[in-house]
Amino acid sequence: MAREYTVAVVGATGAVGTKMIEMLEQSTLPIKAVKLLASKRSAGKKAFFKEQELTIEELVPESFEGVDLALFSAGGSISKVFAPEAVKRGAVVVDNTSYFRMHEGIPLVVPEVNKEALKSHKGIIANPNCSTIQMMVALEPIRQKAGLDRVIVSTYQAVSGAGARAIAELTNQVKAFSEGTPLNELTAEILPCGGDKKHYPLAFNALAQIDVFSDEGYTYEEWKMVNETKKIMEDSSIKVSATCVRVPVLSGHSESVYIETKTPLTVEEVRDVLKDAPGVVLEDDPSQQIYPQAINSIGKKETFVGRIRKDLDVENGLHLWVVSDNLLKGAAWNSVQIAETLHEMDLVRVPE
């Protein structure tokens, strides 16, 4: 008889946690039972899994007794404390926060790109940053064909990446403007980053800051894209630079990606590589104004690629436009996909 799993979702009431539940409902993973875990204030609330009503439980170390797989999306401080507790009790953790991503010995995985890295897990697998994930899905097939020397990416990131309160802030600003409040009088308490000193309206605006500023004038979000790309592709020689921008889009991250390959590719060669690539949908017909749009990515698991064109001055240079649902492929679906891959590779076990 095939093994069935008890799966815990940590952060079950959050934007990503609720999507994890949805993705588990659609998953091929053989599931025996689901436990929904959250903070004390959410304990006792009800949620559904495949029409079965479940009670959300308070997260405590003992929550992981009997759990085989634990999907975390409740913030890095929660993962830091509770992921080791889950592993101690025999659960394999897939963590959607940034806490473990750059830890040595912890695999950082996009299944279409580097599923073999799962073989080295010691109980915890990290889910990459949402913007990194979709870029890796689009670039790995090209890298396999022609190598990759340089990546310069500018992101146009949806407000859902900042959580439910940020979505509410944006919608309230739009409502206030529609009722006559001048743009320069719109109030903000969350964006661009709740932990920073100043806050600015996102409505009818673009904010060139995601997370707080770090070394060399880059934000932590930008450093994540730089460092995670090198780790996932296992190539520290790739030159990567990122500019991350929050835009007034509800869901669906968009990226303008410029790459320089080691050997030249024509646009047709890139299209041929991508049209059959796992997890990629090619939408690239300029003559018919067909290209990826954030609004069309919502609710879909794939990464959409278009606007493929040669750089006019650099022989090995290419431009792409990459779009994906940041709550699905960028978070919940990639986590569940990792869990499915662990099952397929018979790796749902904590090594001795």
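The values are calculated or read from the model by the stated rules, or taken from the named source; none is laboratory data. Predicted model, so just to flag it, every value in this text is computed and none were measured. Glycine gets a Cβ as well: all are built from the backbone with ideal geometry, and neighbour counts include every protein chain shown. Ligands, DNA and RNA are stripped out before the accessible areas are found, and what is left, the full protein with its side chains, is counted by its heavy atoms. Shrake-Rupley method; radii C 1.70, N 1.55, O 1.52, S 1.80 Å.
Points to keep in mind about this one:
- Calculated on the Cα set of the range 163-202, radius of gyration then Dmax: 10.0, 30 Å.
- Applying 1/(1 + (r/R0)^6) with r as the Cβ-Cβ distance of residue 116 and residue 199 and R0 = 41 angstrom yields a FRET efficiency of 0.45.
- Peptides 14-21, 149-156, 201-208 ordered by average Cβ neighbours within 10 Å, highest first: 14-21, 149-156, 201-208
- Hull-based mean projected area of the range 130-322, where the convex hull spans the alpha carbons, in square nanometres: 12.3 nm²
- Element breakdown for the chain at a 1.4 angstrom probe: carbon and sulfur atoms account for 50% of the accessible area.
- Where a label projected 7 Å from the Cα of residue 295 along Cα→Cβ would reach, residues of the range 234-248 with amide N under 19 Å: 247-248
- Sites listed here are GluC sites (Glu not before Pro) in the range 1-105 whose DSSP assignment is loop and whose Cβ has at most 14 other Cβ atoms within 10 Å: 4, 51, 65, 104.
- Taking only the Cα atoms of the chain, the ratio Rg/Rh comes out at 0.97, with Rh defined as the Kirkwood radius.
- Given 19/46; 80/231; 80/301; 230/301; 46/88, the pairs whose alpha carbons are separated by over 26 Å: 80/301; 46/88
- Pairs spanning more than 24 Å between alpha-carbon atoms, out of 198/300; 197/239; 262/310: 198/300; 197/239.
- Taking only alpha carbon atoms, the range 1-56 gives an Rg to Rh ratio of 0.97, where Rh is the Kirkwood radius.
- The range 22-140, Cα convex hull volume normalised per residue, Å³: 123 Å³
- For the peptides 248-258, 274-284, 189-199, residues were scored by their other Cβ atoms within 10 Å and the scores averaged per peptide; the highest-first order is 248-258, 274-284, 189-199.
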